[in-house]
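Structure first, commentary second.
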Amino acid sequence: MKIKLTELVEDFDLYPRGDVDSGHVAHIADAIESGADIPKILICAKSKRIVDGFHRKRAWQRILGNDGEIEVIAKTFKDEKEMFLEAMRLNAGHGRNLTSYDRTIAIEKAIRLDIEPSAIATALNLKAERVEMFKVERCAKIENTRRLVALKQPIRHFAGQTMTLEQSEVVPKLGGNNALFYVNQLKMLIQHDMIDSENENVMTGLEELAGVIKAFLK
């Protein structure tokens, strides 16, 4: 069926990844414009939610604009579980490789939907014991809830522990390297006089950071 891009719904509860990679979107857009044949986006026939194809949808938007029309595959699903299992299976099978963080995100969302670990493992091409490992070693609990939060590298030490809701909301904004990497990066920039001191936002941020560090190290 043909559908306007504005009608496609990006429901991130159905997205088995940590984020939408703008670099990958640009790569797909280049491929489309060069004449490459890319798979059609899969959507839920009833709700128009994207089951597989977030990156492709945004790539088409770059080329056609929001009012553009594209061919999609519309499928009817029994329930949210079946829909998310399909999203996991397809994302694990093609496109940009799932990172460890992506897999942890997918597992956390699947657990929230009460999907059986064996079904999660099959969809993500993992052994069943790996699903339990991700849950134990790469997730933290959110206080006063039954929810888990998938952990990125800088805060992996929270595995198995409890976070506040405020802390859990910071996690998606973090980078993927360990904390020492960022400490050393900033230290090198300062020590070698490589900070853009004429950038007011950078200098204000450094002043704020200095205050935060001073308070933390007390």
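Output the residues belonging to segment 94-122 that are of a type in the set (Gly, Ala, Ser) and either in a loop (DSSP other than H, G, I, E, B) or out of contact with any helix residue (DSSP H, G or I) (no Cβ under 9 Å at 6 or more places or on another chain) (or both).
Within segment 94-122, just Gly95 meets the criteria.
Can you tell me which residue within segment 90-124, out of those that are of a type in the set (S, T, N, Q) and within 27 Å of Ala59 (Cα to Cα), is surrounded by the most Cβ atoms within 10 Å (Cβ to Cβ)?
Asn91
Being touching a Pro at 6+ places or on another chain (Cβ under 6 Å) and open to solvent by 70 Å² or more (accessible area, probe 1.4 Å) is the filter here; which residues of segment 179-218 pass it?
none
Filter segment 134-143 down to residues that are modelled with pLDDT under 95 and surrounded by fewer than 16 Cβ atoms within 10 Å (Cβ to Cβ), then give me how many there are.
Total meeting the criteria: 2.
Listed here are the residues, each with its yes/no results for (1) touching a Leu at 6+ places or on another chain (Cβ under 8 Å); (2) surrounded by fewer than 13 Cβ atoms within 10 Å (Cβ to Cβ); (3) within 26 Å of Leu206 (Cα to Cα); (4) among the aromatic types (Phe, Trp, Tyr).
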position: Glu132; (1), (2), (3), (4): no, no, no, no
position: Thr145; (1), (2), (3), (4): yes, yes, no, no
position: Ile155; (1), (2), (3), (4): yes, no, yes, no
position: Phe158; (1), (2), (3), (4): yes, no, no, yes
position: Met163; (1), (2), (3), (4): no, no, no, no
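Restricting attention to segment 48-55, does a residue exist that is more than 20 Å from Pro172 (Cβ to Cβ), modelled with pLDDT of 95 or more, within 16 Å of the chain's Cα centre (by Cα) and of a type in the set (A, V, I, L, M, F, W, C)?
For segment 48-55, residues more than 20 Å from Pro172 (Cβ to Cβ), modelled with pLDDT of 95 or more, within 16 Å of the chain's Cα centre (by Cα) and of a type in the set (A, V, I, L, M, F, W, C): present.
What number of residues within segment 39-83 satisfy the criterion of being open to solvent by less than 50 Å² (accessible area, probe 1.4 Å), touching a Pro at 6+ places or on another chain (Cβ under 9 Å) and either outside any loop (DSSP other than H, G, I, E, B) or in contact (Cβ under 8 Å) with a residue 24 or more places away in the chain (or both)?
2
Going by the conditions given, is Ala87 open to solvent by less than 10 Å² (accessible area, probe 1.4 Å), in contact with a strand residue (DSSP E or B) (Cβ under 9 Å, 6 or more places away or on another chain) and either among the acidic types (Asp, Glu) or closer than 19 Å to Met163 by Cβ (or both)?
no
The values are calculated or read from the model by the stated rules, or taken from the named source; none is laboratory data. Because the structure is a prediction, the values reported are computed rather than measured. Please note: Cβ atoms are built from the backbone with ideal geometry, for glycine as well, and neighbour counts cover all protein chains shown. Side chains included, ligands, DNA and RNA excluded: accessible areas come from the protein's heavy atoms. Shrake-Rupley method; radii C 1.70, N 1.55, O 1.52, S 1.80 Å.
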